[in-house]
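Q: Please see the structure below; I have some questions.
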Amino acid sequence: MEFSCVRIAQRNLARSKKRSDPAVDLEDRNILVKDADIWNGKGFARGSIFIQEGRINRIARSIIDTGVETIDAAGFKALPGFIDVHVHLRDMELAYKEDFATGTAAAAAGGFTTVLDMPNTVPPTDSARRVIEKQKVAAQKTHVNVGFHAAAVSDSHDVESLAGAGAFSLKLYMPKPIVPFDVENDQAIQKMMRAAGDAGMPVTVHAEDVDAPKNTSQGEGFEEAAEARPPIFETRAVDRLLRIQKKAGCNVHYCHLTLRSSLMKINASTKSTSEVTPHHLLLSKQLLSSLGWRAWMVPPLRSEETRRSLLKSTLAGLSSVIASDHAPHTIKEKNQSASRSPPGVPGLETTLPLMLTLVNRQQMSISLLVKLLSENPARIFGFKSKAKLQKGADGDVVLVDLKKKSKIDSSRFFSKAKFSPFDEFKTQGAVHSTIVGGKVVYREGEIVTREGSGSVLHSGFSG
Ligand code: NCD
Ligand code: ZN
């Protein structure tokens with residue numbers, strides 16, 4: 001099969017359909033997915049999906065003779081494209097860790113058709129100008145749909161212009177603000193939340209109240225480093241932010257939570273949504289003694305008891321979203337003493353196989369998987385035409401081989417970060433192919449599109 005060499009210019013799916021060469025591009029976005037088991041929101045039904053000009057045109061038991069490229073999907077499950085709302089694609093001056101091309105290749109290989117990039121980059125995504133700059137660079141490199149979170153800033157006019165530039169949220173990073181922000185000051189947070197709410201934009205938070213790095217000193221091990229950021233830091237931050245949020249009245253998305261108690265509180269609060277990661281669901285801190293830097297991230301891994309209760313709560317439907325918190329670093333940077341090793345692990349290529357393994361073990365239903373990895377992310381961040389396989393929706397489809405057994409092998413990642421705390425984990429359930437806007441991006445271990453074939457998404461908040 002031939003794949004077009006035409007570079008597709010930056011697109012804005014949410015607002016318009018501007019393309020550099022519409023005729024070639026649109027033709028390139030026609031595909032027939034034949035004889036798949038198609039997720040219809042409740043269960044699977046055998047059929048075919050015809051995607052025309054990037055959108056689902058028809059789903060029927062049998063569609064023949066459309067005259068377009070066809071994928072024989074017999075034996076595969078067709079699921080709505082997965083959405084990872086918490087990834088660090090780096091690029092710009094941190095491109096040595098990851099760039100838009102490698103990060104979004106990793107996304108496609110992991111079944112994610114849409115990702116939202118975090119702003120703690122160099123330079124940080126802290127102004128409309130920088131959001132637009134990232135959008136421009138990403139348009140030339142991305143393989144999937146990509147949008148941008150912005151840093152929480154204090155000036156309400158800046159908040160407005162960030163919304164106007166298409167940022168998907170304001171990220172408040174409590175342990176170490178990305179740009180100067182008085183995180184100690186409730187009023188400052190309330191003002192920022194109110195401005196975000198006025199602009200129709202959610203706030204995303206890293207809720208960890210790290211008051212002083214008193215316990216971490218040079219040369220200590222990773223277990224000690226984890227002990228120095230105990231669960232109470234999360235509890236304190238979540239309690240405080242929920243209080244402030246109530247006064248501000250805006251939507252707040254709580255990133256990478258580790259405690260059942262946090263999930264319970266967030267569930268009880270309107271306008272609040274919760275996120276958990278595969279590493280906090282499946283790994284506990286004992287592993288730090290053997291895996292060291294490979295399992296070092298923040299918030300750190302918790303006790304086995306805490307992990308089990310987070311998993312149980314998530315399987316019972318208490319979490320809104322699963323996100324990878326894909327946080328690539330070089331092995332050279334990571335493989336140092338705990339006080340020097342940057343926290344974070346790559347996750348785009350492990351999240352789906354790990355969650356499909358839970359599905360195969362009958363611990364997680366497909367319905368919950370689709371909710372946590374597609375429907376809820378789409379609802380929270382305003383992707384109205386995503387997360388569903390039906391006429392008129394975006395042609396973002398993942399074909400999954402639910403039976404395929406495999407082993408996590410970070411040496412084969414598309415990500416530049418070739419390490420994982422999940423290395424050697426046995427999984428069942430794998431991505432066969434990933435279709436983004438009617439275009440096959442990933443198939444059977446290979447990226448088959450050129451850089452820049454994906455789209456840059458704008459939030460469409462009014463600003
Ligand atoms: C993140 C990173 O590397 O950007 N690391 C992590 O361990 N989650 C940032 C962060 O949230 O600290
Ligand atoms: Zn974080």
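Q: Which numbered condition trips up residue 217, out of (1) more than 15 Å from ligand 2 (Cβ to nearest atom); (2) at pLDDT 95 or above; (3) among the polar types (S, T, N, Q); (4) not in a helix (DSSP H, G or I)?
A: (2)
Q: If a residue must be touching a Phe, Trp or Tyr at 6+ places or on another chain (Cβ under 7 Å) and over 20 Å from residue 150 (Cα atoms), how many such residues does the stretch 183-212 contain?
A: Qualifying residue count for the region: 2.
Q: Which of the residues spanning the stretch 182-207 are crowded, with 21+ Cβ neighbours inside 10 Å and either farther than 14 Å from residue 237 by Cβ or away from ligand 1 (no atom under 16 Å from the Cβ) (or both)?
A: First, the residues of the stretch 182-207 that are crowded, with 21+ Cβ neighbours inside 10 Å: 189, 192-193, 195-196, 199, 201-207.
Listed by number, the residues that qualify are 189, 192, 193, 195, 196, 199, 201, 202.
Q: Can you tell me which residue is farthest from ligand 2 (Cβ to nearest atom) among those in the stretch 228-254 that are in contact (Cβ under 8 Å) with a residue 60 or more places away in the chain and within 18 Å of residue 284 (Cα to Cα)?
A: 231
Q: Any idea which of (1) surrounded by fewer than 17 Cβ atoms within 10 Å (Cβ to Cβ); (2) more than 30 Å from residue 283 (Cα to Cα); (3) at pLDDT 95 or above is the one residue 454 doesn't satisfy?
A: (1)
Q: Suppose we filter the stretch 328-354 for residues that are surrounded by fewer than 24 Cβ atoms within 10 Å (Cβ to Cβ) and not β-branched (Val, Ile, Thr); how many remain?
A: To start, the set of residues in the stretch 328-354 that are surrounded by fewer than 24 Cβ atoms within 10 Å (Cβ to Cβ) comprises 330-344, 354.
Narrowing the set further to residues that are not β-branched (Val, Ile, Thr) leaves 332-344, 354.
Of the residues in the stretch 328-354, 14 are surrounded by fewer than 24 Cβ atoms within 10 Å (Cβ to Cβ) and not β-branched (Val, Ile, Thr).
Q: Shifting gears a bit: Hey, residue 376 hits all of (1) touching a residue at least 24 places away in the same chain (Cβ under 8 Å); (2) surrounded by fewer than 19 Cβ atoms within 10 Å (Cβ to Cβ) but one; which does it fall short on?
A: Only one criterion in (1) touching a residue at least 24 places away in the same chain (Cβ under 8 Å); (2) surrounded by fewer than 19 Cβ atoms within 10 Å (Cβ to Cβ) is unmet by residue 376, namely (2).
Q: Return the pair list, or none, for Cβ contacts closer than 6 Å from residues in the stretch 199-212 that are within 11 Å of ligand 2 (Cβ to nearest atom) to residues that are among the aliphatic types (A, V, I, L, M) and not in a loop (DSSP other than H, G, I, E, B), at least 6 apart or on different chains.
A: Close Cβ pairs satisfying both conditions: 205/172; 205/241; 207/237; 207/238; 207/241; 208/237.
Q: Quick check, is residue 224 in a loop (DSSP other than H, G, I, E, B), surrounded by fewer than 23 Cβ atoms within 10 Å (Cβ to Cβ) and of a type outside the set (S, T, N, Q)? Spell out how you get there, then give the answer.
A: Values: in a loop (DSSP other than H, G, I, E, B): no; surrounded by fewer than 23 Cβ atoms within 10 Å (Cβ to Cβ): yes; of a type outside the set (S, T, N, Q): yes.
In short, no.
Q: Could you name every one of the strands (runs of 3 or more DSSP E) located completely within the stretch 84-180 that has at least 1 residues being modelled with pLDDT of 95 or more and within 13 Å of ligand 1 (Cβ to nearest atom)? First the steps, then the outcome.
A: Working: elements: 112-117, 145-148, 170-173.
Result: 112-117, 170-173.
Q: How about the stretch 254-301: which of its residues are away from ligand 1 (no atom under 14 Å from the Cβ), of a type in the set (Val, Ile, Thr) and in a loop (DSSP other than H, G, I, E, B)?
A: Within the stretch 254-301, just 270 meets the criteria.
Q: From the list 105, 152, 163, 73, exactly one residue is crowded, with 21+ Cβ neighbours inside 10 Å, more than 15 Å from the chain's Cα centre (by Cα), farther than 29 Å from residue 187 by Cα and small (Gly, Ala, Ser). Which is it? If you could, list the steps in order and put the result at the bottom.
A: Details: 105 fails: more than 15 Å from the chain's Cα centre (by Cα); 152 fails: farther than 29 Å from residue 187 by Cα; 163 fails: farther than 29 Å from residue 187 by Cα.
Only one candidate qualifies: 73.
Q: Please specify each residue of the stretch 417-450 satisfying the condition of being surrounded by fewer than 19 Cβ atoms within 10 Å (Cβ to Cβ) and not in a strand (DSSP E or B).
A: Scanning the stretch 417-450 gives 418, 423, 424, 425, 444, 445, 448, 450.
Q: Can I ask one more? With respect to residue 305, is the statement that it is over 22 Å from residue 387 (Cα atoms) and in contact with a Pro (Cβ under 8 Å, 6 or more places away or on another chain) true? Talk me through it step by step, then tell me what you get.
A: On the way: over 22 Å from residue 387 (Cα atoms): yes; in contact with a Pro (Cβ under 8 Å, 6 or more places away or on another chain): no.
No: the conditions fail for residue 305.
Q: If I ask for residues that are within 16 Å of ligand 1 (Cβ to nearest atom) and either among the acidic types (Asp, Glu) or not in a loop (DSSP other than H, G, I, E, B) (or both), which ones from the stretch 313-364 would you list?
A: Of all residues in the stretch 313-364, those within 16 Å of ligand 1 (Cβ to nearest atom) come to 321-336, 338-348, 350-351.
Within the stretch 313-364, 321, 322, 325, 326, 331, 332, 333, 334, 351 qualify.
Q: Sticking with this structure for a sec: Exactly one condition in (1) in contact with a strand residue (DSSP E or B) (Cβ under 9 Å, 6 or more places away or on another chain); (2) among the polar types (S, T, N, Q); (3) more than 16 Å from ligand 2 (Cβ to nearest atom); (4) under 21 Å from residue 201 (Cα atoms) is false for residue 273; which is it?
A: (3) is the only condition that residue 273 fails.
The values are calculated or read from the model by the stated rules, or taken from the named source; none is laboratory data. Note that the structure is predicted; figures quoted are calculated from it, not measured. Glycine gets a Cβ as well: all are built from the backbone with ideal geometry, and neighbour counts include every protein chain shown.
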